[in-house]
Structures are given as structure tokens and as C-alpha cells.
Amino acid sequence: MATRHQVRQSVISLLYALEMNEKNDNFIDDYLNEKKIRNEQKKFTLNLYEGIFQNISNIDEYLNSCLKENEITKLGCIERAILRLGAYELLFTDTPSAIVINEAIELAKELANDNSPKFINGVLDTLIKVKK
């Protein structure tokens, strides 16, 4: 059974794939089966992914307001995916902000470059302040 962290890793991978190709539901099902993400964890994964997909312009607008010298479209794909996932969870779910930010930092440590964890922490921390 997949952990919530593994689910979030999968969401990052699906968001990355979405940027490289168009949305493909068959790919999503095949990918989740390959990663052994089933039942409740699959439902959680799809809720996060679909929520981000449906709210992406709103999420990007919030993130752009938190980025001082950048805009979300100019960031690397992985950093963009991590920020979108974190922003979605902060804005649209009841997941505690400390968990969201910690998960985003861990994902950045695993998947992105050395400067990304600090950068992502700063952007999501700013988002918490902006959304209040």
C-alpha cells in the first residue's frame, strides 16, 4: 500500500507528464497500477491531480503573487509541479499547512535541485500569509 508521500510523488510525476503531453486517462491508470497505488490511495491521488488540473489558473495566480521576480511558467517543471501541489493542498484541502510544506520540501529534496527546498519553502510560506 502506498504512503501519502508516495501518492504525492505520483502526483508530481503525473503533473510533469501532463506538461510533456496532453491529459491521458489511460496513462494515469496504467501509471498508478504500475506504482501499486490502489483503492483509497488511488482516490486520494486522483483527487489531488484532478483538483490541480481543474484549478490550475487560480493556483498559478496565487503562486505568481508570491513569486517576487519570477512567474510560475518560468520555473522548472518539477519545481512548478511541487508548488502547484503544495498550493492546491494549502488552498483547497484541510491538510495542515505544516504537513503540506514539509512534504513539499521533502519532494524538492528528492526530485529537484539543491536550491529548490529553500525556494519552495519560501513561496509556500508566503502563500499561507497571502491567503489569509
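The values are calculated or read from the model by the stated rules, or taken from the named source; none is laboratory data. These figures come from a predicted structure and were not determined experimentally. Positions of Cβ are backbone-derived with ideal geometry, glycine not excepted, and every protein chain shown enters the neighbour counts.
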Inset, instruction - Take L107 and decide whether it is in a helix (DSSP H, G or I), over 15 Å from H5 (Cα atoms) and of a type outside the set (V, I, T). - result: no
Inset, instruction - Give just the number: which of (1) closer than 15 Å to Y16 by Cα; (2) surrounded by fewer than 13 Cβ atoms within 10 Å (Cβ to Cβ) does I78 not satisfy? - result: (2)
Inset, instruction - Scan segment 48-64 and give yes if some residue there is without any contact (Cβ under 8 Å) to a residue 12 or more places away in the chain and among the aliphatic types (A, V, I, L, M), otherwise no. - result: no
Legend entry - Cβ pairs under 7 Å, 6+ apart, first in segment 2-21 and among the β-branched types (V, I, T), second surrounded by 14 or more Cβ atoms within 10 Å (Cβ to Cβ) and not in a helix (DSSP H, G or I): V7/I37
Inset, instruction - Please indicate, with yes or no, whether at least one residue in segment 100-120 is of a type in the set (S, T, N, Q), over 12 Å from the mean Cα position of the chain (by Cα), within 21 Å of K23 (Cβ to Cβ) and surrounded by fewer than 20 Cβ atoms within 10 Å (Cβ to Cβ). - result: no
Inset, instruction - May I ask you to list the residues in segment 28-72 that are in contact with a helix residue (DSSP H, G or I) (Cβ under 8 Å, 6 or more places away or on another chain), assigned to a loop (DSSP other than H, G, I, E, B) and not polar (S, T, N, Q)? - result: K35, I37, R38, L67, E71
Legend entry - Conditions (1) modelled with pLDDT under 95; (2) buried (at least 20 other Cβ atoms within 10 Å of the Cβ); (3) assigned to a helix (DSSP H, G or I): number failed by A87: (1)
